Every structure is written in C-alpha cells, then in structure tokens.
Amino acid sequence: MLAYHEPVSIDLSASFKAYDVRGLVGETITEDSVRAVGAAFVDVLNLAGRRVLVGGDMRPSSEDFSAAFSEGARARGADVVQLGLISTDMLYFASGTLQAPGVVFTASHNPAGYNGMKMSRAGAVPLSADTGLTEIRDAAQALLDAAGEDGVVIPAAEHTGTVEQADQLHAYAAYLRSLVDLSSIRPLKVVVDAANGMAGLTTPAVLGDSFLDALPLEIVPLYFELDGTFPNHPANPLESENLRDLQAAVVEHGADIGLAFDGDADRCFVIDESGEPVSPSAVTALVARREIARARAEGEQTPVIIHNLITSRAVPELVEAEAGRAVETRVGHSFIKAVMAQEQAVFGGEHSAHYYFRDFFNADTGMLAAMHVLAALGRQELPLSELAAEYSPYYASGEINSEVEDKRAAAERVQHAFAERDTVVSHVDGLTVRAGDGTWWFNLRPSNTEPFLRFNGEAHSAARMESVRDEVLEIVRG
C-alpha cells in the first residue's frame with residue numbers, strides 16, 4: 001500500500017467534464033486527486049504491465065501533476081513513459097505512433113490558476129464521459145473517499161511499473177513535415193503568437209530549423225517564452241482581444257499571414273495580411289478542398305469531411321461541389337474523433353479552430369492545419385484576404401457567450417419565440433433553429449467547460465444575421 005499525506009476532500013465531479021478534466025489547482029484538482037486518477041486510469045483500462053504516456057504543458061503545476069499521475073499509474077503496475085513538455089497534439093502523435101494510451105496535463109486556454117487532463121487510449125482514441133472517463137472518475141473518487149488521516153492509499157500491484165524518458169519533439173516535427181510539403185512554396189513572412197504556450201516549443205521545431213532543413217518562411221515570434229502564468233495575454237485566441245497583438249504585428253511587419261495558438265497548441269487561428277481574422281469555417285473549407293483533392297488523387301472516390309453543426313454552411317456546400325461527402329456532427333473533439341473513425345473521414349473541422357486529420361490518427365492538430373494554409377497561400381500569388389474570401393460567402397456572428405442562471409429555461413424561451421415561424425428545429429447539440437428558406441440559422445449550446453450559453457449564427461446578409469443575433473441574445477439575457 002502506498003499512502004500520501006495531502007489532505008483530501010475533493011469531489012471529482014467538479015473537474016471531470018464531458019471529454020476532459022479541468023479544475024482549479026489546489027481546489028478541484030490536486031496532486032492527491034491526480035495520483036488517484038493515475039491509479040484509476042490503469043485499473044479501468046487494464047494497463048498493468050503496459051506502457052502509459054505522461055506529459056504536460058508549461059503551467060506551473062503540470063510537472064508536479066505529471067509526477068503524481070505517474071506515481072499512481074506505476075503503483076498499479078503500468079510502465080510510465082515520461083514525455084516531458086508537450087503540446088496536446090504531441091500526445092496524440094506519441095499515442096498514435098507508439099500505440100500507447102496517455103495523458104497530457106493542460107487546461108488549454110483557461111487562465112493560469114487552472115490545470116487539467118486530456119486522456120487517450122492507444123492510437124490516440126479519445127476518452128469521454130461515455131467511453132471510460134466516468135469510470136475513471138468513479139474509481140479515483142473511491143480511492144479519495146477511502147482516505148483516512150494518513151491520506152490516500154493506493155493499493156500496490158504485484159509489480160511496480162518502470163519509468164523512462166522519451167522526447168517526441170523531433171519525431172513529431174518530421175512527421176508533420178512528411179504530411180505537407182512546404183519546401184517549394186514562395187517565401188512567406190509569418191507572425192506566430194504562441195501566447196507563452198506550447199507553440200513556443202513546437203513552432204521552431206516544425207516551421208523553423210531547430211531540427212530540420214529551413215523552409216522558405218521568415219518567422220516573426222510573439223511570446224515564445226514558455227510561461228504558464230500568461231504574462232502577455234490569455235492563451236485563448238477565440239476571444240478577439242487576445243488577437244490584437246498579433247494583428248498589429250502582422251501589419252507592422254508587412255507579413256503575409258499571422259498564426260495564433262492556444263495554450264496547449266492544439267488550436268490555431270489565422271490572421272490575413274491586413275490584420276483581419278480568417279474564420280475557422282473558411283480554414284475548414286480550404287483544408288477540406290486540399291484533402292479531398294489529395295484523397296481523390298490517391299483513388300478515393302468520395303472522400304468524407306466532418307464538420308460540426310455550427311460550422312458555416314459554406315463547408316458542406318464546398319465539400320459537395322468538390323465531389324466529397326459532408327457529415328455533420330455535434331460539437332466536441334471526442335464526438336468528432338469517433339465519427340472520423342466511423343466514417344473513415346479524411347478531415348474534420350470545428351468553428352473553434354480544432355482541425356482533425358485521418359493522417360494524424362483522427363486527432364486534432366493546430367500546427368498541421370496551419371501548414372495546409374501556408375501551403376495553399378504559398379502555391380499561388382493572391383494575398384490571404386483574397387484567397388480566404390472564396391471560402392467566406394456568408395455573414396457569421398462568431399461565438400457569443402451569455403452567462404445565465406438557467407441555461408435550459410433560456411433556450412426554451414428562444415425556441416418558443418421562434419415556434420410560429422417557418423423554421424426547422426434540431427436538438428442534436430443544444431438548440432439549432434434554421435430558417436425554412438435557408439437564409440439564416442443559429443445555435444444555442446451550453447458549454448461543457450464554462451458557465452455559458454454559447455450563441456453562433458449565420459445569414460446570407462449582415463443585416464439579417466445581426467437581426468437574428470440581437471433578438472436571440474435579448475431573449476437569453478432578458
């Protein structure tokens with residue numbers, strides 16, 4: 001028996017979400033709770049005697065949490081492979097190439113006081129509340145609940161697992177380079193805002209010459225220093241104020257493109273040469289066209305593209321025009337990855353700038369999406385603003401959050417208000433209302449990780465989009 005003496009009074013339901021774990025360090029997530037989760041991870045997935053990958057981002061608590069998880073996993077007989085500092089997509093790469101389950105400690109775009117866990121089975125197959133995460137939570141909670149004055153006791157397995165170190169950065173960079181050839185594009189000046197997150201480590205490796213040959217890219221770095229306190233701005237590029245430094249730098253340096261990554265670098269946002277954001281839906285359509293063309297050239301008759309239900313209608317329209325098949329799914333990486341595997345889809349995209357690739361184990365990677373955009377831009381002469389315009393025929397609201405006490409009641413008020421109109425209503429993921437004539441749509445969806453009701457809408461004209469947006473938000477917030 002291995003006992004730990006940290007005080008224990010943790011309710012794991014406060015940090016376990018639909019498809020990952022997020023919590024306040026020292027309050028809803030502690031070294032003791034992480035240690036219990038490490039043990040539960042091994043027990044629930046039957047990993048005694050097998051390898052388990054463990055890594056973390058640059059947050060101050062990630063190293064200690066990685067060590068605690070490793071202790072719990074080894075106590076239950078797993079052999080731990082310590083990956084050290086990694087981005088989330090580096091975990092997926094390692095899990096896919098090494099065929100081992102794993103965990104990365106990160107809270108993605110959340111503020112510095114948070115941390116969490118993203119877990120996967122071998123082959124980067126996701127864990128969600130429906131596919132093992134709930135069982136891991138309950139097994140870990142049982143260990144925490146059984147703790148006495150001496151703290152949590154992890155029952156020792158017959159054999160304690162081993163531990164080894166494995167640096168994946170070089171192999172990760174080489175693998176991404178093998179998927180998108182940037183060696184022959186025209187020279188591009190690229191401003192990259194890492195937001196003091198893990199892109200400060202991965203960008204020099206993939207787009208620079210840290211390990212590999214130099215590319216025709218001049219990288220202008222913003223906030224590449226790894227610092228989980230985020231001293232310059234939050235690592236959440238979905239919020240427009242966090243893009244301002246990048247937008248200004250793109251214009252100041254006369255750059256061709258700007259790239260903004262979130263804290264764990266699995267998402268990437270794109271800025272054009274004039275400092276304007278390129279919508280993630282436009283990026284999805286652009287990459288979808290490239291991946292459909294590649295798959296068809298390799299003999300695939302009707303390549304499948306996944307998009308979530310709040311992606312622009314431009315995406316399925318382009319997919320069908322390019323002789324692909326578009327499949328709509330609900331929001332969330334575990335759901336999209338499951339559909340990617342089920343449909344053998346070549347690519348998938350979300351409005352939140354998560355991009356999924358069959359060639360990347362059906363997992364999301366912001367860096368690979370960025371490389372596709374760089375390749376498309378660098379193989380023709382138009383500026384990015386003109387290139388992206390082709391993929392943005394509609395007017396979108398962007399994601400607008402409303403903090404409301406009763407999310408369900410707010411959504412029901414909205415549905416009632418639109419009930420007598422010519423609309424089509426869906427409850428696949430929150431509330432989606434589409435105009436009968438196809439000229440507008442909106443979705444209201446409760447956040448899985450934050451206390452918000454999220455609005456996304458789109459229309460054929462800016463005036464119509466604004467009218468629908470304002471009406472819905474007034475009902476939600478009233």
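The values are calculated or read from the model by the stated rules, or taken from the named source; none is laboratory data. No experiment lies behind these values; they were computed from the predicted model shown. When we count neighbours, we look across all protein chains shown, and the Cβ atoms used for this are built from the backbone with ideal geometry, even at glycine. Side chains included, ligands, DNA and RNA excluded: accessible areas come from the protein's heavy atoms. Shrake-Rupley method; radii C 1.70, N 1.55, O 1.52, S 1.80 Å.
Annotations for the structure displayed:
- In this entry, region 357-405 is assigned a mean projected area of 6.1 nm², taken as a quarter of its C-alpha convex hull surface.
- For Rg and Dmax of the Cα atoms in Å, the value calculated from this model appears in (i) 24.1, 78; (ii) 22.4, 69; (iii) 30.6, 104 under label (ii).
- Built amide H within the under 5 Å cut-off of residue 363, gap 5+: 357
- Note on region 29-149: the alpha carbon radius of gyration divided by the globular reference 2.2 N^0.38 Å gives 0.96.
- The H on the amide N of residue 308, modeled in the peptide plane, is under 5 Å from the matching H of 329, 349, 351, each at least 5 residues off or on a different chain.
- Annotation: extensible slack from residue 212 through residue 461 equals 85.0 nm (criterion: 0.36 nm per residue apart, minus Cα-Cα distance).
- Placing +1 on the Cβ of every Lys and Arg and -1 on the Cβ of every Asp and Glu, with no other charges, gives the chain a dipole of roughly 1020 debye about its Cα centre.
- Average projection area in nm² (convex hull over Cα atoms of region 120-162, one quarter of hull surface): 4.5
- Carbon plus sulfur fraction of accessible area for region 60-218, probe 1.4 Å, in percent: 49
- Cα-based Rg and Dmax for region 333-478, where Dmax is the largest Cα-Cα distance (Å): 17.7, 51
- Three-way shape label, region 69-117, alpha-carbon gyration tensor, a/c 1.5: oblate
- Fully extended contour minus Cα-Cα distance, from residue 450 to residue 382, at 0.36 nm per residue: 20.5 nm
- Accessible area of region 359-436 belonging to carbon and sulfur atoms, whole % at 1.4 Å probe: 48
- For region 291-392, the spread of Cα positions along each principal axis, largest first, Å: 38, 31, 24
- Tally of Lys pairs whose C-alpha atoms are under 22 Å apart, taken over the chain, 8 or more apart or cross-chain: 4
- Calculated accessible area for the chain comes out at 39 Å² per residue, all protein chains present (probe 1.4 Å; ligands, DNA, RNA ignored).
- Modelled this way, with points 7 Å down the Cα-to-C-beta line, the labels at residue 220 and residue 129 are 4.4 nm from one another.
- Beta bridges from DSSP with both residues in the chain: antiparallel share about 60 percent, rounded to the nearest 5.
- Altogether, the Stokes-Einstein calculation at 10 °C and 1.306 mPa s, with the Kirkwood radius of region 409-478 over Cα pairs as Rh, returns a diffusion coefficient of 130 µm²/s.
- If only the Cβ of Lys and Arg carry +1 and only the Cβ of Asp and Glu carry -1, the dipole of region 354-472 around its Cα centre is close to 200 debye.
- Multiplying the residue separation of residue 159 and residue 11 by 0.36 nm and removing their Cα-Cα distance gives an extension gain of 50.3 nm.
- Global form of region 281-346, assessed from the alpha-carbon gyration tensor, a/c cut-off 1.5: oblate
- Helical runs (DSSP H, four residues minimum) scored at -39500 (n - 2.57) apiece and divided by the length of the chain put the mean residue ellipticity at 222 nm at -10500 deg cm²/dmol.
- Sorting 229, 311 on solvent-accessible area from highest to lowest, probe radius 1.4 Å, gives 229, 311.
- A simple charge model with +1 on the Cβ of Lys and Arg, -1 on the Cβ of Asp and Glu and nothing else charged puts the dipole of region 268-415 at about 400 debye relative to its Cα centre.
- If you take the Cα centroid of region 50-111 and the Cα centroid of region 318-353, the two points sit 27 Å apart.
- A compact globular protein would have a Cα radius of gyration near 2.2 N^0.38 Å; the ratio found for region 148-210 is 1.95.
- A Stokes-Einstein calculation at 4 °C with viscosity 1.567 mPa s, built on the Kirkwood radius of region 228-352 over Cα pairs, returns a diffusion coefficient of 83 µm²/s.
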